[in-house]
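> Have a look at this one.
Every read-out reported here was derived from the displayed coordinates using simple, explicitly stated rules and does not represent laboratory data. None of these values were measured; they are calculated from a predicted model. Note that each Cβ is placed from the backbone with ideal geometry, even for glycine, and that neighbours are counted across all protein chains shown.
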Amino acid sequence: MSVLVVGACLAAVAFVLRLLRGRSFRDSYHELRADLGRAILLGLEFLVIADIIGTVAVEPTLKNLGVLAVIIAIRTLLSFALELEVSGRWPWQKPAVPDGR
């Protein structure tokens with residue numbers, strides 16, 4: 001949870017700094033959304049790690065492992081959707097290389 005709060009605060013500060021440096025509101029807003037998306041992605045990664053550790057350390061029953069698999073699948077789909085929103089491409093796609101001719 002603290003990762004999300006810190007990420008949101010840093011994104012807000014970066015947004016204000018961009019505006020103060022003369023960047024347009026539209027560009028600053030789009031970068032704010034990207035920064036918030038990255039903070040959410042990082043938070044999701046920490047939550048997946050916590051769930052894995054919690055399941056393995058507490059009681060690794062077949063039922064708990066099944067619940068863990070469903071949680072990880074949902075969070076993975078959320079991560080893919082956020083990555084698409086932030087970068088404009090799927091995680092497995094290579095970034096577009098500008099034509100340097």
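> Quick one: T61, T76, T55, fewest Cβ neighbours within 10 Å first, how do they rank?
T61, T76, T55
> Stretched out fully, how many nm does the piece from V86 to I74 gain, at 0.36 nm a residue minus the Cα gap?
Extending this stretch completely gives an extra 2.5 nm.
> Another question, then. List the pair-distance distribution P(r) of the chain, using every Cα-Cα distance, as the percent of pairs falling in each 5 Å bin from 0 up to the bin containing the longest distance, rounded to whole percents.
For the chain, the pair-distance distribution reads 2, 12, 15, 16, 16, 14, 10, 6, 4, 3, 1, 0.
> Here's a follow-up. Dipole of region 1-87, Cα-centred, from +1 at each Lys and Arg C-beta and -1 at each Asp and Glu C-beta, to the nearest 20 debye? List each step's numbers first, then the result.
Details: 8 positive and 8 negative charges, 65 e Å.
Computed charge dipole of region 1-87: roughly 320 debye.
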